[in-house]
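What follows is a short report on a single structure.
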Amino acid sequence: MGADNASNSTSLRDNGNTRSETQVVLNVYDLTPINNYTYWFGFGIFHSGIEVHGKEYGFGAHDFPVSGVFEVEPKSCPGFIYRCSIPLGQINVPPSEFRAFIENVASEYHGDTYHLISKNCNHFTDDISSRLANRRIPGWVNRLARLGALCSCLLPESLQVTSVKQLPEYHESIEEDGSDSLATTSPRLSAEIDDADPEKHLLSPNAGSGEVSFVKEAHRGA
């Protein structure tokens with residue numbers, strides 16, 4: 001048990017409960033049809049989400065200092081074209097424990113901190129995969145960010161300013177243990193969101209059939 005004692009509140013390890021065993025899966029999407037041609041050369045513009053316990057989690061941008069981590073049904077993130085799924089490993093983590101983990105992580109990924117080159121959806125899935133399964137996502141998924149850091153002119157003009165924008169609409173959801181898993185926005189925040197320019201939000205609930213719900217972030221103690 002020695003090395004395992006080094007785990008912290010934002011990483012998870014197997015707990016030995018086989019009933020809690022679940023696959024960690026990376027779901028990859030195309031942001032543009034051009035990927036059909038560039039994919040074979042190891043280059044493309046991709047969005048990715050992490051699937052755990054039957055839900056997919058991603059990171060999107062909005063203009064507010066609150067959670068940008070959202071959940072959708074697997075392989076149905078609105079606004080994108082599903083490409084493939086990549087198994088990343090098995091973990092033994094109860095759903096309630098995973099929920100606490102993802103809410104804790106959400107406090108590190110606010111919507112207004114999203115950056116296409118330095119902190120995008122693929123950085124999020126790589127971080128989660130490392131913490132959950134001790135495995136990095138394939139390099140080709142986020143190659144655009146590495147190349148863009150060297151030469152921003154490689155990025156399409158429409159993606160240089162903003163990407164994967166989402167209106168942060170929260171929905172009440174009750175877990176089996178009776179706890180709230182998601183939270184509603186405050187009236188002030190909701191009003192600000194309603195007045196936001198919808199053209200600035202590329203990932204929108206109206207862009208596809210999947211319902212997007214932002215994960216509330218864990219409350220930090222004093």
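The values are calculated or read from the model by the stated rules, or taken from the named source; none is laboratory data. Since the structure is predicted, the reported quantities are computational estimates derived from the model, not experimental observations. In this analysis, Cβ positions are derived from the backbone assuming ideal geometry, glycine residues included, and neighbour counts consider all displayed protein chains. Areas reflect the complete protein model, heavy atoms only, side chains present, ligands, DNA and RNA absent. Shrake-Rupley method; radii C 1.70, N 1.55, O 1.52, S 1.80 Å.
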* Structure fact -> Taking first residues from region 131-142 that are among the aliphatic types (A, V, I, L, M) and second residues anywhere that are assigned to a helix (DSSP H, G or I) and open to solvent by less than 50 Å² (accessible area, probe 1.4 Å), the pairs with Cβ under 6 Å that are 6 or more apart or on different chains are 137/125; 137/126; 137/129; 141/122
* If a residue has to be open to solvent by 40 Å² or more (accessible area, probe 1.4 Å) and in a strand (DSSP E or B) to count, how many in region 52-103 make the cut? -> 7
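Look through region 110-136, keep the residues that are open to solvent by less than 20 Å² (accessible area, probe 1.4 Å) and in contact with a strand residue (DSSP E or B) (Cβ under 6 Å, 6 or more places away or on another chain), and return whichever of them is farthest from residue 27 (Cα to Cα). Break it down into steps so the answer makes sense when it comes.
Initial filter on region 110-136 (open to solvent by less than 20 Å² (accessible area, probe 1.4 Å)): 111, 120-122, 124-125, 128-129, 132.
Checking which are in contact with a strand residue (DSSP E or B) (Cβ under 6 Å, 6 or more places away or on another chain) leaves us with 111, 121-122, 124-125, 128-129, 132.
Working: 111: 21, 121: 12, 122: 11, 124: 13, 125: 10, 128: 13, 129: 12, 132: 15 Å.
The selected residue is 111.
What do you reckon, is residue 46 among the aromatic types (Phe, Trp, Tyr), modelled with pLDDT under 95 and open to solvent by 30 Å² or more (accessible area, probe 1.4 Å)?
Working: among the aromatic types (Phe, Trp, Tyr): yes; modelled with pLDDT under 95: yes; open to solvent by 30 Å² or more (accessible area, probe 1.4 Å): no.
Here the answer is no, as residue 46 does not meet what is asked.
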